[in-house]
There are 2 protein chains.
Amino acid sequence: MKTSPSTASEIEEEVLARVRPTPEDGERIRMVADSILTRISDLAKERGLPAQTMLVGSAARGTWLAGDHDLDIFIATPKGSELDDALNLARAMAPEHEEKYAEHPYVHATIEGFDVDLVPCYLLENTSSLKSAVDRTPFHTRYVLGRIKGLEDQVLLLKQFMKGIGVYGSELKVGGFSGYLSELLVLRYGSFMGTLEEASGWRPREIIDLEGMGTLSHGEPLVVVDPVDPKRNVAAALTLDKMLQFAASARCFIKGPSLDFFFPGRIRPLTDEELIKIMEERKSAFILLEVSAPPVVEDILFPQLRKAEESIRALLTRNEFSVMRSDVESAEGLAWVLFELDVWELPRIMRRFGPPIYEGDHLSRFISSHPRPISGPYVEGGRAVVEVKRKYTKAWDLLEGEMSKLSLGKHLATEVQKGHSIYVGPTLTKVKVPALRTFLARYFSRRQRIC
Amino acid sequence: MKTSPSTASEIEEEVLARVRPTPEDGERIRMVADSILTRISDLAKERGLPAQTMLVGSAARGTWLAGDHDLDIFIATPKGSELDDALNLARAMAPEHEEKYAEHPYVHATIEGFDVDLVPCYLLENTSSLKSAVDRTPFHTRYVLGRIKGLEDQVLLLKQFMKGIGVYGSELKVGGFSGYLSELLVLRYGSFMGTLEEASGWRPREIIDLEGMGTLSHGEPLVVVDPVDPKRNVAAALTLDKMLQFAASARCFIKGPSLDFFFPGRIRPLTDEELIKIMEERKSAFILLEVSAPPVVEDILFPQLRKAEESIRALLTRNEFSVMRSDVESAEGLAWVLFELDVWELPRIMRRFGPPIYEGDHLSRFISSHPRPISGPYVEGGRAVVEVKRKYTKAWDLLEGEMSKLSLGKHLATEVQKGHSIYVGPTLTKVKVPALRTFLARYFSRRQRIC
């Protein structure tokens with residue numbers, strides 16, 4: 001019988017056995033990458049374009065996790081030329097593709113089982129004249145490639161740890177650690193365990209400056225000065241909570257190492273019965289707003305969903321309801337904002353507080369603006385009070401009634417106008433999308449490995 | 001057809017016609033008072049006691065309202081003698097009496113249709129060696145008697161105005177203006193209308209010092225330096241809200257004089273049907289705590305009721321329920337504390353917030369003290385959060401369950417221990433006491449003449 005690993009180093013070995021790409025994987029990824037790079041170079045020559053291609057990202061640095069099939073290939077054109085030329089090369093290279101948009105348009109295609117991004121950028125001598133964030137990527141790859149040799153396993157361990165605890169990924173949906181950031185941490189602290197040791201003592205406004213290029217005065221929770229561009233914070237997308245969750249999980253792992261940090265149990269989508277049972281146990285009120293997802297990338301959609309979440313929370317709070325927790329999700333062409341309330345129903349009457357009694361003019365205006373109160377006016381705590389009818393006694397009626405006045409992001413507002421659904425309590429079971437059910441399962445079981 | 005009075009002076013006349021005692025009333029009150037005073041003097045002589053008797057209060061000053069049948073008679077014994085001697089004189093004077101207790105015991109009896117208080121006190125030359133509050137009363141009567149001649153009607157108007165709007169009476173149940181205070185205001189401002197004019201501009205911390213004896217540094221809303229004892233604030237028992245209510249009603253009367261200020265409609269006790277209808281309209285939650293009233297005077301009972309009100313409010317608020325309004329009442333040997341809630345039911349789960357994540361030791365303790373949370377621990381806003389079971393999801397269960405731990409006044413605590421009832425919502429109709437129904441009617445219709 002195989003015993004499960006229990007010391008940190010036994011666990012590290014076991015993790016690496018699972019996430020380290022085999023030599024065959026490496027061979028295959030290089031072959032596919034080379035063939036794409038060659039084809040683009042050939043196309044460029046045919047068209048007389050002075051484009052250079054390069055493999056960037058974890059595949060280029062030897063720090064990709066087994067099972068990842070992502071290839072990031074940049075097509076660089078000289079300063080002064082058109083990015084569109086590079087984009088056309090990408091289009092020609094992968095006739096069956098999807099066009100996406102970050103700061104600039106790029107091409108996404110599936111080639112021989114790999115998810116390939118073909119990204120136009122400018123060819124620059126140094127980072128002093130960057131035109132967009134992607135122009136920085138080749139410099140990152142060069143910086144890491146020159147230093148990471150021999151530390152690849154440490155990066156794999158750190159990435160898988162971050163994945164396992166749910167803080168990996170710098171996309172705005174996650175707000176966690178990017179691959180480049182995890183590499184820099186390993187370069188700075190020498191190893192996976194060295195990074196955990198250091199991170200376990202992190203406080204907000206931590207600063208890490210590998211090349212001693214002077215500190216940035218960002219207000220962000222973690223500042224990691226970009227060695228190739230000292231004006232930039234590599235950890236700009238990292239939220240305070242993900243940073244501190246990583247710190248607390250690091251502490252927790254050092255105290256009691258376990259494979260579970262790296263490979264937590266899979267979360268299953270909830271069945272109707274499970275969902276109803278959990279809601280009955282919690283005895284809170286759930287409101288789910290559902291709209292069609294606007295046709296934009298997640299990095300544009302999620303900030304708009306969060307903005308909607310905040311607008312609705314403010315609306316509810318302003319009207320004396322109380323939100324316990326909320327979250328957002330998007331999948332299969334739909335987007336959701338979920339609210340769990342601890343106060344969802346209020347009396348028909350509400351109190352309105354007027355000015356201090358001795359402010360005679362204010363008081364007169366206040367009283368004449370409430371000509372027929374249910375009770376009042378009366379004096380309480382030195383102020384005038386009237387009791388009037390509340391327009392909405394239920395949180396969901398308020399949301400439905402005031403939806404059109406909410407301040408929402410541009411794309412999301414359009415979708416809400418076109419149509420939306422509000423599900424309350426047990427009617428949530430009407431939404432059968434498995435991704436939502438998995439999201440709800442994660443919402444309810446929410447348990448982080450912190451200590 | 002008689003037209004109703006509309007100018008302030010027409011209204012004053014009409015009020016005086018109703019509240020000014022007739023010459024016959026005056027004759028009768030003097031006869032009854034004289035006969036009591038004489039009898040006590042005779043008794044004192046028989047016993048060889050050097051007691052002096054005197055009529056004090058509004059009857060002595062000619063400022064009593066028609067229909068009032070109160071006589072306050074003081075029995076003064078020289079400094080150094082026993083107050084008990086005076087008390088025994090009172091007992092002998094009125095064999096059928098009730099003994100009451102303020103700072104000292106006194107005797108209350110009904111004599112020839114009058115409510116007579118026979119109050120022992122010390123005979124003092126001046127107010128520098130007062131032994132208790134009642135010793136001050138003869139000096140008040142002397143001060144007012146020497147100055148009030150010709151202003152009695154103004155005092156009657158002011159008292160009736162204060163009665164009508166509900167701010168008359170310095171007993172702790174009311175927290176309003178005493179008769180002596182209303183007399184001092186008329187002496188200071190020359191008339192009823194003069195007092196309203198001045199009061200309409202009152203702000204908290206107003207100071208009135210008739211004899212220019214220097215200001216007191218009390219923190220009270222209104223300070224009226226006692227002309228016979230400059231260390232004392234005549235308005236010490238006046239609450240901020242009653243003071244400001246008077247100020248706002250004064251302003252209101254000046255703008256639009258009306259007889260209604262003096263004689264508001266009578267409040268009828270609510271029937272079961274009315275009570276239920278109002279509660280259904282408000283859709284708030286009512287909790288009524290009922291106990292036997294402890295055998296103490298209202299000036300001792302009401303502070304204890306208010307203390308209970310505050311303790312219960314704090315208990316509810318601490319547990320995330322929300323009290324909209326509350327009040328206390330006592331009648332017919334019972335005492336009540338009433339709560340109207342806008343949040344009365346909460347989910348089964350509640351969130352507990354732990355320390356900031358980076359306080360490692362605190363965090364460990366927090367997490368190990370919640371070994372099996374329903375959700376969590378997770379990081380939110382930089383802190384650890386767990387979701388645990390709430391013990392009480394209904395406000396009334398909380399009150400019933402934690403009643404024994406509440407900090408209550410001594411006498412009230414004894415009664416609560418002996419037994420109490422909690423009525424929720426429509427079960428309030430089980431309490432049939434008319435005084436409570438009138439109290440509820442006033443609670444619901446609560447409408448003060450402020451503008």
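The values are calculated or read from the model by the stated rules, or taken from the named source; none is laboratory data. The shown structure was predicted, so the numbers you read here are calculated from the model rather than taken from an experiment. Cβ atoms come from the backbone with ideal geometry, glycine included; neighbour counts cover every protein chain shown.
Each row is one residue, and each column tells you yes or no for (1) closer than 30 Å to residue B:252 by Cα; (2) in contact with a strand residue (DSSP E or B) (Cβ under 9 Å, 6 or more places away or on another chain); (3) within 14 Å of chain A (Cβ to nearest Cβ).
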| site | (1), (2), (3) |
| --- | --- |
| B:386 | no, yes, yes |
| B:401 | no, no, no |
| B:409 | no, no, no |
| B:419 | no, yes, no |
| B:428 | no, yes, no |
| B:434 | no, yes, no |
| B:445 | yes, yes, yes |
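What's the total number of residues in region A:217-235 that are part of a loop (DSSP other than H, G, I, E, B) and either among the acidic types (Asp, Glu) or surrounded by fewer than 18 Cβ atoms within 10 Å (Cβ to Cβ) (or both)?
4
Keeping to region A:370-384, report how many residues are in a strand (DSSP E or B) and either within 7 Å of another protein chain (Cβ to nearest Cβ) or crowded, with 21+ Cβ neighbours inside 10 Å (or both).
Of the residues in region A:370-384, 7 are in a strand (DSSP E or B) and either within 7 Å of another protein chain (Cβ to nearest Cβ) or crowded, with 21+ Cβ neighbours inside 10 Å (or both).
When you go through B:200, B:129 one by one, which is the residue that is hydroxyl-bearing (Ser, Thr, Tyr) and surrounded by fewer than 16 Cβ atoms within 10 Å (Cβ to Cβ)?
B:129
Taking helices (runs of 4 or more DSSP H) that fall entirely within region B:236-352, which contain at least 2 residues that are more than 13 Å from chain A (Cβ to nearest Cβ) and out of contact with any strand residue (DSSP E or B) (no Cβ under 7 Å at 6 or more places or on another chain)?
By residue number, B:272-282, B:298-318.
Filter region B:346-369 for residues that are closer than 25 Å to residue A:278 by Cβ and surrounded by fewer than 17 Cβ atoms within 10 Å (Cβ to Cβ) and give the result.
B:348, B:352, B:353, B:369, listed by residue number.
Out of region A:71-106, which residues are exposed (fewer than 14 other Cβ atoms within 10 Å of the Cβ) and not in a strand (DSSP E or B)?
Scanning region A:71-106 gives A:79, A:80, A:82, A:84, A:95, A:96, A:103.
Just to check your reading of the model, which residue among A:314, A:331 is in contact with a helix residue (DSSP H, G or I) (Cβ under 9 Å, 6 or more places away or on another chain) and of a type in the set (Gly, Ala, Ser)?
When all the criteria are applied, what remains is A:331.
Mind listing whichever residues of region A:264-293 are within 24 Å of residue A:407 (Cβ to Cβ) and either polar (S, T, N, Q) or modelled with pLDDT under 95 (or both)?
Result: A:292, single match.
Can you tell me which residue among B:450, B:422 is part of a loop (DSSP other than H, G, I, E, B) and of a type in the set (Val, Ile, Thr)?
Exactly one residue qualifies, and that residue is B:450.
Check B:144, B:186 and return the single one that is closer than 26 Å to residue B:36 by Cα and touching a residue at least 24 places away in the same chain (Cβ under 8 Å).
The match here is B:144.
Which of the residues that make up region B:404-414 are surrounded by fewer than 18 Cβ atoms within 10 Å (Cβ to Cβ) and under 10 Å from residue B:311 (Cβ atoms)?
Answer for region B:404-414, where residues must be surrounded by fewer than 18 Cβ atoms within 10 Å (Cβ to Cβ) and under 10 Å from residue B:311 (Cβ atoms): B:405, B:406, B:407.
Check B:156, B:181 and return the single one that is without any contact (Cβ under 8 Å) to a residue 60 or more places away in the chain and crowded, with 18+ Cβ neighbours inside 10 Å.
B:181
Restricting the first residue to region A:400-428 and requiring it to be aromatic (Phe, Trp, Tyr), which pairs with a second residue that is assigned to a helix (DSSP H, G or I) meet a Cβ separation below 8 Å and a spacing of at least six or different chains?
Qualifying pairs under 8 Å: A:423/A:430.
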